[in-house]
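Participant: Next up is a structure, given as structure tokens.
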Amino acid sequence: MSLYRKYRPQRFKDLVNQEHIKTTLLNSLKRNHLSQAYLFAGPRGTGKTTTARILAKAFNCSKRNPEPCNHCLSCQEHTKLKSLDLIEIDAASNRGIDEIRELRERIKLAPSSSPYKIFIIDEVHMLTPEAFNALLKTLEEPPSHAIFILATTEPHKIPATVLSRCQRFDFLPLTILEMVIRLKKIAKAERIRFDEDGLRMIAAAASGGMRDAISILDQLSSSGKKISINLIQETLGVVPERATLKIFEALVKKDLNSGFMALSKIKKKGYNLIHFRRTLLDFLAVVLVYKMSGEEKELKDNLSYEICQKVISLSADVEIKELIKIIKTLARDSLIEKDALPSLGLEIALVELAQVECHSVLDTESINKIGDFEALWHGFLKEIKPYNHSLAGIMRSARVLGKKDDQIMIEVDYDFHRQKIEDKINLQKIEEMIEKIFAKKYKLVCQVGKAKEKSKSLKDIALEVFE
Ligand SMILES: [Zn+2]
């Protein structure tokens, strides 16, 4: 038997989270305030079906207290899923037309040995419109012995007419801490050796779904080895938290060199960059919530202790606005123009690399070249800063249009930026520094972006002057 089935909670008390749902259901059982239709909505692995089965068992338990006793005949049959009064329909498997038709026949029959006949319909949003209509007719006038528990990952796909007949409960994704508590219980009961960070990593890989987390634990424990970060990385190909932190650090410090180095390490180890992008987004989202709420709990619930401390000190230097920008960039899907890449930030490069993995637009070598150019350009921007801050600022805001033979073409927003760059002494200094960093002589060609220049208002000019 799988660990997941073996340790499936059999009482409300055993459910790890969803406190709001447990309390409401237990209270209504206590007072005998039952609904005839419930809707359980939420992401996969958050306990919807498990809760539905516990609720069904509690309704039919001969000693309802209000938890199911788990000993009476009805409870035993429910636990084994052998009760004739518990009917489970999986709408995802065949979209339910026949099942719902059959349901309408069966529902008329009184329960065989329990107070209620309970219908659990999983992934109810998958029903065809015909099946929904049939279901609605049943929900409009259900016999008093019938109870429906509908479960779905996509409540927005359920017709309003059906929704309005149900008492709705929203299941939240589990936090890493909640999952670790549950995993630890199972590991101890099964005498599986583990270290705490290993369990945290399993929880992180399962992104909020308990079922996946337990399946991973199951899979890993069969190796007989201790559950550790190393074992998980070997088995699952999860990018280590530390590598994610490195990328985060590079984003915060705008340090392209170390960002690209960390990224290329991740790639070399054979990790899937599309998955990594997801991991990084989750990580950044945790930091964003922490920045906005100021509560360290958010970090502690989701990251290991060592990483938490570093994130706290690093994120002091990053503004919420900036973080949102990075997340937005990383989350976008469109393929940006390859030529524009050198002038863009590390975030975009990450997006690009993840998409390269997906579409094979660029081969590894050209990615490395782009990476090199970007890294070198960044090195040049650093080099010029001590020479002249305002010139460095202008160069930083310039877009690199391309590189051809012995020329680097850039574009700036304003003509007085161009003038400053093309000032004889400045230009000489710039080209010297480019030569030093790129180990090659280049001429800098500067043009003014036309659209921007035209739209420049007096206010813009005034602001620039006072800057
Ligand atoms: Zn019982």
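None of the figures in this text is laboratory data; all of them are computed from the coordinates on show. Fair warning: this is a prediction, and the values are worked out from it, not measured in the lab.
Participant: Mind scanning LYS48/LYS185; LYS325/LYS382; LYS226/LYS291 and naming the pairs with a C-alpha gap bigger than 26 Å? Display every interim value, and only then the final one.
Facilitator: Working: LYS48/LYS185 21 Å; LYS325/LYS382 22 Å; LYS226/LYS291 35 Å.
Among LYS48/LYS185; LYS325/LYS382; LYS226/LYS291, the Cα-Cα distance tops 26 Å for LYS226/LYS291.
Participant: I would also like to ask the following. Beyond 20 Å, what percent of the Cα pairs of segment 64-192 remain? Walk me through the numbers on the way to the answer.
Facilitator: On the way: 4620 of 8256 pairs.
Cα-Cα pairs of segment 64-192 separated by over 20 Å account for 56 percent.
Participant: Per residue, what volume in Å³ does the convex hull of the Cα atoms of segment 158-219 enclose? Don't skip to the end; give the middle numbers.
Facilitator: Values: hull volume 6.6 nm³, N = 62.
About 106 Å³ per residue, rounded to a whole number.
Participant: Of the listed pairs LYS184/LYS253; LYS403/LYS429; LYS254/LYS300; LYS184/LYS225; LYS22/LYS157, which have alpha-carbon separations greater than 27 Å here? Please report the intermediate quantities before stating the final value.
Facilitator: On the way: LYS184/LYS253 37 Å; LYS403/LYS429 19 Å; LYS254/LYS300 25 Å; LYS184/LYS225 16 Å; LYS22/LYS157 25 Å.
Table pairs above 27 Å Cα-Cα are LYS184/LYS253.
Participant: HN-Hα J couplings of segment 218-224 from phi, Karplus 6.51/-1.76/1.60, θ = phi - 60°, integer Hz, Gly and Pro as x?
Facilitator: Running phi through 6.51 cos²θ - 1.76 cosθ + 1.60 with θ = phi - 60° gives 4, 4, 5, 5, 5, 6, x Hz.
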